[in-house]
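**Q** Would you mind keeping the following structure in view while I ask a few things?
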Amino acid sequence: MDPLTAAEARREVAPPSDAVDARVRRLQTLGILCGLSAGVWLGAAEAPTKLVTIGLSPVVVSLAMVFGVFLARWSLPALIQGTAHMRADFRQAPHLVVWSVLAGALWAVANTLTIFAIRDVGLTIAFPLWNSNSLLGIFWGVVLFQELRDADWRRWAGVIGGALVMFAGATALAYASSAHAATPGNATRGVIAALTAGALWGTMYIPYRKAYLTGMSPLAFITFFTVGELVTMTAIATAFSGGVVPLWRELQASLPVLFWLLLGGFVWVIGDLFQQYAVKYAGITRGIPLSNTNQLWGLLWGVLVFSELRGASTTLFSQVLGGSVTMALGAAVIALSTVSRREHERWRETAAREAERYGVDARFTDARAMGREAPGTVLRRGWVDWLIVAGATLVLVGFASVARAPQIHARWAWAAGLVVVMVAVAAACGSTLWRTTRFS
């Protein structure tokens with residue numbers, strides 16, 4: 001069947017407007033739920049990076065996590081939808097392979113910078129600083145993707161006002177970092193690393209939004225995304241370590257704790273998947289601030305599990321807590337500025353332009369925008385999918401067999417409690433996502 005243009009697709013018989021509005025509202029609610037769930041898992045994913053405090057090189061920590069991310073980004077989509085579904089998506093929009101790889105490269109550089117930031121100013125403070133990515137994400141969403149266009153003044157005020165509140169919280173945390181770090185030089189370096197990571201992650205959302213407006217499934221997009229991650233991170237680690245041989249020696253010396261870093265990569269991918277669906281169904285301007293509630297979960301891990309603020313002055317504790325809560329309140333204000341019907345029409349117009357520009361079938365784009373499968377799509381798994389899942393499992397089991405508990409102070413009872421919350425949130429959001437969209 002020949003692809004339809006956007007104009008031809010719009011002339012086809014459409015469901016009643018009330019039904020469309022109800023579906024859009026349901027998808028927006030799903031996007032909000034995904035954003036909040038992303039915050040829970042992304043906050044926990046950074047906990048393994050505390051291993052940098054026991055002497056591991058930051059680039060080794062980041063490379064090991066990226067390898068865990070690579071395993072998860074191929075095995076989870078193969079398990080949930082199958083590689084045939086991924087191939088079908090990329091046949092519809094092959095140009096998104098390049099955008100996916102580019103996004104992965106940006107992520108790898110940003111993730112490495114977060115390791116340096118955690119080393120210099122700590123998890124509790126670094127988290128909210130790199131979450132300034134939501135400010136840049138809002139800018140790109142408005143300028144490039146018609147978000148907030150035709151929105152009323154209350155929605156504009158909510159998003160812009162929330163952004164200003166988040167900036168105020170980030171400023172308070174940057175000020176607190178100078179008292180928390182061992183030396184002023186370390187504080188400055190850590191703040192710069194965290195803010196640069198935020199800038200790179202904020203730019204990374206451009207490929208995200210292009211992919212999902214076109215109709216790409218997040219489960220398909222992340223597979224090639226991880227190719228850019230792994231190649232870029234390997235190059236960075238090799239350069240920082242002084243060559244392939246020194247890097248290999250560092251990895252061998254770190255073998256007993258690599259499993260925990262691979263596991264951190266898996267946890268991050270689950271959080272990132274929820275974030276991707278939040279961007280798809282709630283937009284950049286809403287989905288990213290929601291997922292940035294990970295700063296509060298990072299605060300919980302830092303304070304409850306790793307005792308980061310033990311012995312800190314009341315003033316410092318108040319600054320860190322106040323800055324984090326202020327940023328979270330700003331994110332909440334943005335998230336509550338729901339998408340109006342007129343603004344959603346702007347989104348669909350942008351999606352139609354993307355489809356026409358790259359020759360994508362408009363029926364594919366329209367169906368995916370509403371969280372449904374495109375005509376003719378078949379969900380099935382073959383032997384390749386089970387081979388990918390089995391291979392990833394064997395790698396994890398192999399690293400687990402030689403793992404040992406890291407020599408790091410942690411309150412394991414608090415850690416277990418937070419893990420229970422994570423699992424419950426993932427189960428609730430994952431089941432809702434499946435019932436509503438079949439992960440489309």
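**Q** If you check ALA126, ALA103, which single one turns out to be touching a residue at least 60 places away in the same chain (Cβ under 8 Å), in contact with a Phe, Trp or Tyr (Cβ under 7 Å, 6 or more places away or on another chain) and either crowded, with 21+ Cβ neighbours inside 10 Å or closer than 21 Å to MET65 by Cα (or both)?
**A** Sole residue among the options that is touching a residue at least 60 places away in the same chain (Cβ under 8 Å), in contact with a Phe, Trp or Tyr (Cβ under 7 Å, 6 or more places away or on another chain) and either crowded, with 21+ Cβ neighbours inside 10 Å or closer than 21 Å to MET65 by Cα (or both): ALA103.
**Q** Tell me the helices (runs of 4 or more DSSP H) entirely within the range 268-355 that contain at least 1 residues that are surrounded by 17 or more Cβ atoms within 10 Å (Cβ to Cβ) and among the acidic types (Asp, Glu).
**A** Fully inside the range 268-355 and qualifying: nothing.
**Q** Has the range 216-227 got any residue that is in a helix (DSSP H, G or I) and over 27 Å from ARG91 (Cβ atoms)?
**A** No, every residue in the range 216-227 fails to be in a helix (DSSP H, G or I) and over 27 Å from ARG91 (Cβ atoms).
**Q** It is to be established whether one or more residues within the range 133-146 are surrounded by fewer than 24 Cβ atoms within 10 Å (Cβ to Cβ), touching a Ser or Thr at 6+ places or on another chain (Cβ under 6 Å) and not in a helix (DSSP H, G or I).
**A** Scanning the range 133-146 turns up at least one residue that is surrounded by fewer than 24 Cβ atoms within 10 Å (Cβ to Cβ), touching a Ser or Thr at 6+ places or on another chain (Cβ under 6 Å) and not in a helix (DSSP H, G or I).
**Q** Exactly one of (1) part of a helix (DSSP H, G or I); (2) touching a Phe, Trp or Tyr at 6+ places or on another chain (Cβ under 6 Å); (3) not charged (D, E, K, R) is unmet by ALA427. Its number?
**A** (2)
**Q** Hey, among VAL244, VAL191, VAL231, which residue is in contact (Cβ under 8 Å) with a residue 24 or more places away in the chain and surrounded by fewer than 22 Cβ atoms within 10 Å (Cβ to Cβ)?
**A** When all the criteria are applied, what remains is VAL231.
**Q** Looking only at the range 359-377, how many residues end up being farther than 20 Å from THR437 by Cα and surrounded by 15 or more Cβ atoms within 10 Å (Cβ to Cβ)?
**A** The total comes to 1.
**Q** Return the residue satisfying two criteria in turn: it lies in the range 108-117 and is buried (at least 24 other Cβ atoms within 10 Å of the Cβ) and either of a type in the set (D, E, K, R) or in contact with a Gly (Cβ under 8 Å, 6 or more places away or on another chain) (or both), and of such residues it is farthest from PHE306 (Cα to Cα).
**A** Checked the range 108-117; the qualifying residue farthest from PHE306 (Cα to Cα) is ALA108.
**Q** Pull up the range 249-267, narrow it to residues that are assigned to a helix (DSSP H, G or I) and of a type in the set (Gly, Ala, Ser), then point me to the one that is nearest to the chain's Cα centre (by Cα).
**A** If we take residues in the range 249-267 being assigned to a helix (DSSP H, G or I) and of a type in the set (Gly, Ala, Ser), then GLY265 is nearest to the chain's Cα centre (by Cα).
Residues are listed down the side, and each one gets a yes or a no for (1) within 30 Å of LEU96 (Cβ to Cβ); (2) crowded, with 24+ Cβ neighbours inside 10 Å; (3) at pLDDT below 80; (4) not aromatic (Phe, Trp, Tyr):
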residue: SER178; (1), (2), (3), (4): no, no, yes, yes
residue: GLY198; (1), (2), (3), (4): yes, yes, no, yes
residue: MET216; (1), (2), (3), (4): yes, yes, no, yes
residue: LEU219; (1), (2), (3), (4): yes, no, no, yes
residue: GLU250; (1), (2), (3), (4): no, no, no, yes
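**Q** Right, something else. Return the residue satisfying two criteria in turn: it lies in the range 200-214 and is closer than 17 Å to SER291 by Cα and β-branched (Val, Ile, Thr), and of such residues it is surrounded by the most Cβ atoms within 10 Å (Cβ to Cβ).
**A** ILE206
**Q** Filter the range 272-288 down to the residues that are within 11 Å of the chain's Cα centre (by Cα) and over 16 Å from THR432 (Cβ atoms) and list them by number.
**A** ASP272, VAL279, ILE288
**Q** Scan the range 86-100 residue by residue and report those that are buried (at least 21 other Cβ atoms within 10 Å of the Cβ) and out of contact with any Lys or Arg (no Cβ under 8 Å at 6 or more places or on another chain).
**A** MET86, ASP89, GLN92, ALA93, SER100
**Q** While we're looking at this one, here's another question. Could you run through the range 101-132 and say how many residues are part of a helix (DSSP H, G or I), more than 15 Å from MET233 (Cα to Cα) and under 14 Å from the mean Cα position of the chain (by Cα)?
**A** Matching residues across the range 101-132 total 2.
The values are calculated or read from the model by the stated rules, or taken from the named source; none is laboratory data. A quick note: this is a predicted structure, and the numbers were derived from the prediction, not measured. Backbone-built Cβ (ideal geometry, glycine too); neighbour counts: all protein chains shown.
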